[in-house]
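The values are calculated or read from the model by the stated rules, or taken from the named source; none is laboratory data. Remember, predicted model here, so these are calculated numbers, not experimental data. Cβ placement follows ideal geometry from the backbone for every residue including glycine, while neighbour counts extend to all protein chains displayed. Each accessible area value is taken on the protein alone, full model and side chains, heavy atoms only, with ligands, DNA and RNA left out. Shrake-Rupley method; radii C 1.70, N 1.55, O 1.52, S 1.80 Å.
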Amino acid sequence: MFKSVRLAPLFLCLFALPALAQEGAPLFTTDFAPEEFAARRERVLDAVGPNAVVVLQGEPSPRGYVRFRQSNEFYYLSGIEVPHAYLVLDGDTRRSTLFLPHGDARRESSEGRMLSADHPELVQELSGLTVAPAEALSGYLTGLARRGGVNALYTLFQPAEGLAESRDL
């Protein structure tokens, strides 16, 4: 009985640590305010003009258990750190739409809560972005093409930097 009493606090700590780690990670970045990201998107929209669309693909999920890191460009314009996300900036309407995958309960059980298309009002409250599910991206882009007036599509043609990578090396 004496041994189990002494080990009880150790077991409590071991089981409590993962729960504390999951709750401590913020859902949205604390590096910059949502207004800063909105101002950055506005500058991009000013640069591309009213007849253009900008499409950015976020990073995919890393292989194995590696902490996810969003691409620099995607993070710079959105602050969103979710794998398989897309950001579309429409120069005509000056609207920015974030396309997110649906939630993954299995992933969240090990990595903590993540932003997803399942809670668009929460994502919009935190980021200021209009949110749609990732599977709606194709239809959204088709609608932009059918609307007409889009003369330019801007997207990245170089792979994004990964963890501990830089284009200048």
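Compute the distance in nm between two label points, each set 7 Å from the Cα along the Cα-to-Cβ direction, one at A152 and one at S110.
Result: 4.3 nm between the two label points.
Note down the net charge around H102, summing +1 for each Lys or Arg and -1 for each Asp or Glu among other residues with Cβ under 9 Å from its Cβ.
Surrounding charge for H102 is -3.
Pick out, in residue order, every one of the trypsin sites (Lys or Arg not before Pro) in the range 102-136 that is DSSP loop and has at most 16 other C-beta atoms within 10 Å; say none if there are none.
Passing both the DSSP loop test and the Cβ count: R113.
What's the local net charge at R41, with K and R +1, D and E -1, over the other residues with C-beta under 11 Å away?
Net charge in that neighbourhood comes out at -1.
Give the accessible surface of the range 87-169 per residue, rounded to a whole number of Å², with probe radius 1.4 Å and ligands, DNA and RNA excluded.
For the range 87-169, the solvent-accessible area averages 62 Å² per residue.
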